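The values are calculated or read from the model by the stated rules, or taken from the named source; none is laboratory data. Keep in mind the model is a prediction, meaning the values are calculated, not measured. Please note: Cβ atoms are built from the backbone with ideal geometry, for glycine as well, and neighbour counts cover all protein chains shown.
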Amino acid sequence: MADQTRDLLEHVLLPLANEEDAIRTASALEPYDPERVTALHVVEKGGGVPDKTPVEQSEELAEEVYAAVRTVFPDAVEHTAYSRDVVDAIFEAAEQVDASAIAYQSRGGSRLVQFLSGDPSLKLVTESDRPVIALPRVESAE
């Protein structure tokens, strides 16, 4: 379990899905000036069925994610996880890197879509053993 007396922004784990998500989420975190950032990309495994994307393609996507994060946080550390359950992979990564908090940005969608998908945001905020920071959505400057 994370140390309860740590500064919330001492070491933030930033789970990211793709390049666009990386830029948007890192930009939303930037004004809070975290001391250290670890960018996390989870490669979803199929669990008895073919993986959603080939490993090589998934690793290329992870590199794009890390490059995008570094445009905002040049010293960000990269961490790639492979799992069938993205939220569980986030929890495991937070433990492995000893993150003081997990910061994420909701990807939105209707309540029906969130209900049908099992709403990973709900699991993230209700089952984590460390603080979870829900970042505000920031409109792109483009």
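Results, tabulated for the structure shown:
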quantity: Residues that are at pLDDT below 95, assigned to a helix (DSSP H, G or I) and among the acidic types (Asp, Glu), drawn from the range 89-142; calculated: Glu127
quantity: Criterion (surrounded by 12 or more Cβ atoms within 10 Å (Cβ to Cβ), under 14 Å from the mean Cα position of the chain (by Cα), more than 21 Å from Asp7 (Cβ to Cβ) and modelled with pLDDT of 85 or more) met by exactly one of Val86, Val69; calculated: Val86
quantity: Residue match in the range 39-60 (condition: touching a Lys or Arg at 6+ places or on another chain (Cβ under 9 Å), in a strand (DSSP E or B) and modelled with pLDDT under 95); calculated: yes
